[in-house]
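Everything below concerns the one structure shown next.
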């Protein structure tokens, strides 16, 4: 989301590299670049002016420590002010209330409210072990109701169906009553949206709000909507007592200004980022880590947490025990490891969380993802016996495997060579080394990734 902004800010800070000290002249030059970077990223002009003034005041008053260059000092100031702009880390969702805790989602049509409702339900189920009921009050779009019903089925959450000719307010009241009778912990109410803010939309969401008295009202906004997001933020903030913001489509090719502006406009914290279409693609928002990503420092903590959440620990431990006992590493094991990469979102999702200098040196993520898909196709084209005993794969078998996978024989040969290299590496990990290495992901962050 912040790729362009990160690039511009990196070039701006380069102006201070090699300078002996921070001066008014070189700060002014650098801040011009920072201002242009923020404006190009669609950050609201008042927000840009306030941010630049704060950075200028701190930069001109900064003492450069003996161990720091002017560029490093300036990056530190930018980081602190970005954190302040994005909001101090809040307490997240407030769930300390008499069940059912009611959450109201509001926003414009196309912001991703329906998908976000399902993502939030899944996050509550998996992270907080809550029993969740979903309901849609978007009577104008039956497809939205059907979509939420299907998503609820996928994540095994409760769903409250509507009756023909029911009003949005009646649906919300009935869903709340069902949540009480069904002993649900949380009720998530997905409201209707429009392509633009209008009086009818605002009145409807206020009526639903009055009917169910939600414990928290969440504004769902599309990170790719630019300045339109700010107009919607002002309207919903005046209509509802918002408790927080969920920023969707944060993985898209957006300029990112909405994230830096909406919080400032509403005064409410960003609670979550939606980072993909899958129901697992929702992550709690952390302003310090987001500021680091914007400045090209990466987000290694998020990367490790992704691995912890998605890694098949039981499968990894089984593989470790198998290798420790000296049993052969086969193509069944390799395919399992390739699937782990896909579950983590592919190479693109991994590289996105690396510091910029490392990401720039990384191989093409698109090419890497294509290679993973090709390798899985080749393994799937093998017989079970060939996967367990790769030594039997001769020339004719290679040609058959290549034809079945739709690739060239050279691709099969390349995979076999890579497999032999991995097999040799696995033999060196006999005696429990692999088990100890993987055990670090089971109980928490590895040393050095934990606190602040």
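Read the figures in this text as sums done on the coordinates, not as results from a lab. For clarity, every value in this text was computed on a predicted model and none was experimentally measured. Note that each Cβ is placed from the backbone with ideal geometry, even for glycine, and that neighbours are counted across all protein chains shown.
Going from the residue with the fewest nearby Cβ atoms within 10 Å to the one with the most, 248, 162 rank 162, 248. Using the Cβ-Cβ distance between residue 52 and residue 231 with R0 set to 22 Å, the FRET efficiency works out to roughly 0.45.
Between residue 288 and residue 173, the contour length at 0.36 nm per residue exceeds the Cα-Cα span by 37.5 nm. Multiplying the residue separation of residue 156 and residue 332 by 0.36 nm and subtracting their alpha-carbon distance yields 60.4 nm.
Where both residues lie in the stretch 101-286, what percent of DSSP beta bridges are antiparallel, nearest 5? Bridges in the stretch 101-286 are about 10 percent antiparallel. Packing around the peptides 28-34, 280-286, taken as the average count of other Cβ atoms within 10 Å per residue, puts them in this order, highest first: 280-286, 28-34.
In this rough spin-label picture, where each label sits 7 Å from Cα along the Cβ direction, the residue 84-residue 141 distance is 3.9 nm. The stretch between residue 40 and residue 339 holds 103.8 nm of extra length on full extension. This uses 0.36 nm per residue minus the Cα-Cα distance. Among 289, 374, the ranking by other beta carbons within 10 Å of each residue's beta carbon, starting with the fewest, stands as 374, 289. As a rough footprinting exposure proxy, the listed residues 36, 224 were ranked by other beta carbons within 10 Å of their own, and the order from fewest upward is 36, 224.
Could you tell me the calculated FRET efficiency between residue 241 and residue 423, based on Cβ-Cβ distance and R0 = 51 angstrom, to the nearest 0.05? Using R0 = 51 Å, I get an efficiency of 0.25. As a length-normalised measure over Cα pairs under 8 Å and 6 or more apart, the relative contact order of the stretch 101-286 settles at 27 percent.
Taking 7 Å steps out from each Cα toward its Cβ at residue 25 and residue 181 produces label points 7.8 nm apart.
Note on residue 394/residue 370: beta-carbon distance plugged into 1/(1 + (r/R0)^6) with R0 of 22 Å gives a FRET efficiency of 0.20.
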